[in-house]
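> A single structure is presented below for examination.
The values are calculated or read from the model by the stated rules, or taken from the named source; none is laboratory data. Fair warning: this is a prediction, and the values are worked out from it, not measured in the lab. Every residue, glycine among them, receives a Cβ derived from its backbone with ideal geometry; neighbour counts consider all protein chains shown.
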Amino acid sequence: MEQDFDEFLHVPARLSILALLAPADWVEFGFLRDTIATSDSALSKQVSALANAGYVSVRKSRDMGTRRTYVQLTAQGRQAFQRHAAALSRIVAAAGLPAETPQPWA
Amino acid sequence: MTPDDAQTSLEDIRGLQDRTRDAYVRHGFSRPYALASALVLFIAFASFDLPAHWDTLAVTSGVGLALGLLVVHQHRAPVRRKPTGPELLFCAGVAVGLVAAYVTFSVAAVVAHLKLGLPAPHAVAAAALALTTLLCTNPARRVFESIVRR
């Protein structure tokens, strides 16, 4: 197994959250929930796990009476995500499969 | 982790990243904001036909509306990110294009005013600019999308 492969990150919901966060500075909780097609509570659980690991930070704000929650990838989370994506790319490349390396940090 | 699983994960990552970028572009070019932007442009540029003091009031209203629009736009964005260099260049290019279009429309409207008696030439030019802005929204969105996806 690739040494940079991150078992904690490879849980589908967590990897999806990080993939959605990677191209942005802040992403709204509702957008994450709707895109991953999960429930508020299930997403909260995964976001909390990622926050406890230091991979994401959460900010709550009030916009014209509506409470909004935003999630951001931390520098540590971005590094972990880059390493994990690179590990996946190497696994694919080692098997000789056609692989277009994603730019998870872009 | 098999190579096929890894490849599937990479494809999923790529697809999800595109969803974030699409949301960013979609919000930036959404119809309410395009309409509001066209209205702000019309108010600001049509004001040149107004007498002194009233033109200042109209421009101030236009700028105030634009700033308010920007704040609401930013607050409601599902995806927030700092624009990259090429994105800023695109916005600068759009601004230059709008000014050039307004100058062209104004020259045509002033000529029509002098020769045909067209009333309020700057208001006509501003209306043409607002219409052009609306018509160009979708093509501009496609160009911006390709820049964001690069």
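> Residues in the stretch A:54-67: is at least one facing another protein chain (nearest Cβ under 8 Å) and either within 23 Å of B:Gly15 (Cα to Cα) or part of a loop (DSSP other than H, G, I, E, B) (or both)? Walk me through it before giving the result.
Residues of the stretch A:54-67 that are facing another protein chain (nearest Cβ under 8 Å), as a first pass: A:63-64.
Filter again for either within 23 Å of B:Gly15 (Cα to Cα) or part of a loop (DSSP other than H, G, I, E, B) (or both), leaving A:64.
Scanning the stretch A:54-67, I find at least one residue that is facing another protein chain (nearest Cβ under 8 Å) and either within 23 Å of B:Gly15 (Cα to Cα) or part of a loop (DSSP other than H, G, I, E, B) (or both), so the answer is yes.
> Of the residues that make up the stretch A:26-47, is at least one within 8 Å of chain B (Cβ to nearest Cβ), touching a residue at least 12 places away in the same chain (Cβ under 8 Å), hydroxyl-bearing (Ser, Thr, Tyr) and not in a loop (DSSP other than H, G, I, E, B)?
Looking through the stretch A:26-47, at least one residue is within 8 Å of chain B (Cβ to nearest Cβ), touching a residue at least 12 places away in the same chain (Cβ under 8 Å), hydroxyl-bearing (Ser, Thr, Tyr) and not in a loop (DSSP other than H, G, I, E, B).
> Quick check: anything in the stretch B:63-81 more than 8 Å from chain A (Cβ to nearest Cβ) and modelled with pLDDT of 90 or more?
No, the stretch B:63-81 has no match at all.
> Another question about this same structure. Given the criteria in contact (Cβ under 8 Å) with a residue 60 or more places away in the chain and either surrounded by fewer than 19 Cβ atoms within 10 Å (Cβ to Cβ) or more than 9 Å from every other protein chain (Cβ to nearest Cβ) (or both), does A:Ala86 qualify? So that I can check it myself, show each step before the final result.
Numbers: in contact (Cβ under 8 Å) with a residue 60 or more places away in the chain: yes; either surrounded by fewer than 19 Cβ atoms within 10 Å (Cβ to Cβ) or more than 9 Å from every other protein chain (Cβ to nearest Cβ) (or both): yes.
Taking the combined requirement at face value, the residue satisfies it.
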